[in-house]
Amino acid sequence: QVQLVESGGGLVQAGNSLRLSCVASRRTFGMSAMGWFRQAPGKDREFLATIQRSSGSTYYADSVKGRFAISRDNAKNTVYLQMNSLKPEDTAVYYCAAGRGLLPRRSTEYDYWGQGTQVTVSS
């Protein structure tokens with residue numbers, strides 16, 4: 001069964017950090033890339049970061065570059081999103097996804113999605 005399960009979300013004050021985790025079933029982790037997206041109420045789903053499973057190469061959206069870091073542990077079938085210096089505008093549901101290609105940035109390039117984890121940043 002294909003499955004991605006996110007965890008690590010919660011309520012945090014602005015300026016603090018959170019680390020999200022996404023555990024993938026063996027089948028999804030066989031996809032070439034893993035990514036993180038978020039969706040705030042009333043807004044479109046936004047690409048944040050992607051990592052190539054084999055090389056570890058990464059790519060970030062400008063909105064989070066320098067604050068967020070994506071990493072993976074292939075032995076644990078897990079991808080992480082370290083989020084630092086959080087801002088109230090980072091409040092959203094955060095999703096991990098498994099996709100194709102080198103460093104995919106469009107949601108249509110991802111075949112499998114987690115259920116999402118809520119991140120709320122208070123001012």
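The values are calculated or read from the model by the stated rules, or taken from the named source; none is laboratory data. This is a predicted model, so every value here is computed, not measured. Quick reminder, even Gly has a Cβ in these numbers, built from the backbone with ideal geometry, and neighbours come from all protein chains shown. Side chains included, ligands, DNA and RNA excluded: accessible areas come from the protein's heavy atoms. Shrake-Rupley method; radii C 1.70, N 1.55, O 1.52, S 1.80 Å.
Taken over region 71-94, the residue count meeting the criterion of being surrounded by 21 or more Cβ atoms within 10 Å (Cβ to Cβ) and farther than 10 Å from S21 by Cα is 5.
Taking the criterion of being assigned to a loop (DSSP other than H, G, I, E, B) and either more than 16 Å from E6 (Cα to Cα) or at pLDDT below 95 (or both), the only residue of region 111-123 that qualifies is S123.
When R26 is tested against the conditions (1) more than 12 Å from the chain's Cα centre (by Cα); (2) under 18 Å from R105 (Cα atoms); (3) basic (K, R), the lone failure is (2).
Considering every residue within region 99-106, establish whether at least one is crowded, with 18+ Cβ neighbours inside 10 Å, at pLDDT 95 or above and closer than 21 Å to G8 by Cβ. Checking region 99-106: not a single residue is crowded, with 18+ Cβ neighbours inside 10 Å, at pLDDT 95 or above and closer than 21 Å to G8 by Cβ.
Note on region 79-110: residues that are in a strand (DSSP E or B) and either of a type outside the set (G, A, S) or more than 14 Å from W36 (Cα to Cα) (or both) total 10. Of all residues in region 1-23, those being open to solvent by 30 Å² or more (accessible area, probe 1.4 Å) and either at pLDDT below 95 or over 12 Å from M83 (Cα atoms) (or both) number 8.
Reported count of residues in region 24-54, each being in a strand (DSSP E or B) and buried (at least 18 other Cβ atoms within 10 Å of the Cβ), is 12. Can you give me the number of residues within region 66-78 that are assigned to a strand (DSSP E or B), over 12 Å from the mean Cα position of the chain (by Cα) and more than 21 Å from R27 (Cα to Cα)? Of the residues in that region, 0 qualify. Quick check, is S63 assigned to a loop (DSSP other than H, G, I, E, B) and either touching a helix residue (DSSP H, G or I) at 6+ places or on another chain (Cβ under 8 Å) or open to solvent by 20 Å² or more (accessible area, probe 1.4 Å) (or both)? Considered against the rule, which asks whether it is assigned to a loop (DSSP other than H, G, I, E, B) and either touching a helix residue (DSSP H, G or I) at 6+ places or on another chain (Cβ under 8 Å) or open to solvent by 20 Å² or more (accessible area, probe 1.4 Å) (or both), S63 comes out as yes. E6 meets each of the listed conditions (1) more than 15 Å from the chain's Cα centre (by Cα); (2) more than 13 Å from A92 (Cα to Cα) apart from (1).
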